[in-house]
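Trainee: Mind looking over this structure? Questions follow.
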Amino acid sequence: MSRRYANAHRIAELNPERDHLEIYQISSGLEFPWDYTRALEFALFRTYCVPSISRLLAATGEFRDRPQKRYDDTALLMAEMAAHGYDSPRGKESLKVVNRAHGRYAISNDDMLYVLSTFIYDPIDWLDRYGWRPLHDNERLAAFHYYSEVGKRMGIREIPADFAAFKTFKRDYERANFTYSETNAQIGRYTVDLFASWFPSFLRPAAKVGVHSLLDDRMLRAFGFEPAPRWLTSLAEAGLTAKAAGERLLPPRRVSKLANSPHNRTYPGYPDSVRIAEMGPPPAPADIPAEHLRRG
């Protein structure tokens, strides 16, 4: 057996329902950590195409005032759950922070359900296009079971009972709710600016156009963005394909990248000098419209 595919063989031996956490840890932490990170960034970006979601985000001011912290909080809290398990002490504390952040706002169950679905299917779609090896069916099903369990612990109701049904919900939700709004455009611009800020200043204009090259037509319309030139889209896809080809030649990763983000920009010294309870957004601003606040 090739050492490069040892993890894939291990995944094939596991049960995707019973062993979903182990499979997800191997897949996202050892096999495809860079791809999962990029795919989840774009998964969250995708949710901002929904006016009911972007209106709330615009009202809180978090994307305007603290976009990097908002990004780091989400990435690290979700990584903590995956690395340690949602029922571990660190996983439970991370869930508590996430639930506290969402619990103060009037968010519909369908919006919460949709965001959850993007965490499952957007990485799968990304890896089907750019992964260094094909995903095993156990990885697809394990992602579904893993996030279904996370969703239950977030109080999300009516999570579809199987992989295909949840994918159908996601497709139908996007058809019904992806439409242009000014708050979509506003949150979209803040997010593109955040992504571009990770590059040297002279590369930022190109980075912004590069982000557009990875958005599908439905997202471009919902944000009101101009499409990237076709040559740039082709170049970006060729670069990702070349990266995958190079990864096939590497030895298997031995140390998981989950919850291992010492270079995040908000919490120096993470994880050793940062308490999970310190993460998450501040209390709701005093001037937020009442329509966005949970009653009672």
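Trainee: For residue 54, work out the one condition from (1) among the hydroxyl-bearing types (Ser, Thr, Tyr); (2) farther than 30 Å from residue 23 by Cβ; (3) surrounded by fewer than 20 Cβ atoms within 10 Å (Cβ to Cβ); (4) within 17 Å of the chain's Cα centre (by Cα) it doesn't fulfil.
Mentor: For residue 54, the exception is condition (3).
Trainee: Looking only at region 26-40, count every residue that is farther than 19 Å from residue 173 by Cα and buried (at least 20 other Cβ atoms within 10 Å of the Cβ) and tell me the total.
Mentor: So the answer is 9.
Trainee: Show the residue pairs meeting these rules: Cβ distance below 7 Å; 6+ apart or different chains; first residue within region 54-79 and of a type in the set (D, E, K, R); second residue modelled with pLDDT of 95 or more.
Mentor: Note: pairs meeting the criteria are 55/183; 64/190.
Trainee: Where residues in region 145-162 are touching a helix residue (DSSP H, G or I) at 6+ places or on another chain (Cβ under 7 Å), in contact (Cβ under 8 Å) with a residue 40 or more places away in the chain and assigned to a helix (DSSP H, G or I), which of them is surrounded by the fewest Cβ atoms within 10 Å (Cβ to Cβ)?
Mentor: Selected residue: 153.
Trainee: So, in region 242-274, how many residues would count as being at pLDDT 85 or above, within 22 Å of the chain's Cα centre (by Cα) and exposed (fewer than 10 other Cβ atoms within 10 Å of the Cβ)?
Mentor: Residues that pass the stated criteria total 1.
Trainee: Restricted to region 56-112, and to residues that are hydroxyl-bearing (Ser, Thr, Tyr) and assigned to a helix (DSSP H, G or I), which residue is farthest from residue 276 (Cα to Cα)? Before you say what the answer is, go through the steps one by one.
Mentor: Going residue by residue through region 56-112, those that are hydroxyl-bearing (Ser, Thr, Tyr) are 60, 71, 74, 86, 88, 94, 105, 108.
Within this subset, residues satisfying the condition of being assigned to a helix (DSSP H, G or I) are 60, 71, 74, 94.
Working: 60: 21, 71: 15, 74: 11, 94: 6 Å.
Ranking the candidates gives 60 first.
Trainee: Pairs needed: first member in region 176-199, of a type in the set (Lys, Arg); second member anywhere, outside any helix (DSSP H, G or I); C-beta distance under 8 Å; at least 6 residues apart or different chains.
Mentor: Pairs that qualify, where the first residue is of a type in the set (Lys, Arg) and the partner is outside any helix (DSSP H, G or I): there are none.
Yes/no matrix, rows are residues, columns are (1) over 16 Å from residue 220 (Cα atoms); (2) touching a helix residue (DSSP H, G or I) at 6+ places or on another chain (Cβ under 9 Å); (3) β-branched (Val, Ile, Thr):
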residue	(1), (2), (3)
24	yes, yes, no
36	yes, yes, no
42	no, yes, no
46	no, yes, no
50	no, yes, yes
56	yes, yes, no
61	yes, no, no
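Trainee: Which of (1) among the hydrophobic types (A, V, I, L, M, F, W, C); (2) out of contact with any Phe, Trp or Tyr (no Cβ under 8 Å at 6 or more places or on another chain); (3) assigned to a loop (DSSP other than H, G, I, E, B); (4) surrounded by 16 or more Cβ atoms within 10 Å (Cβ to Cβ) does residue 220 not meet, given it meets every other one?
Mentor: (3) is the only condition that residue 220 fails.
The values are calculated or read from the model by the stated rules, or taken from the named source; none is laboratory data. Bear in mind that the values here come from a model prediction, so they are computed numbers and not experimental data. Because the Cβ atoms are built from the backbone with ideal geometry, glycine has one as well, and the counts that use them run over all protein chains shown.
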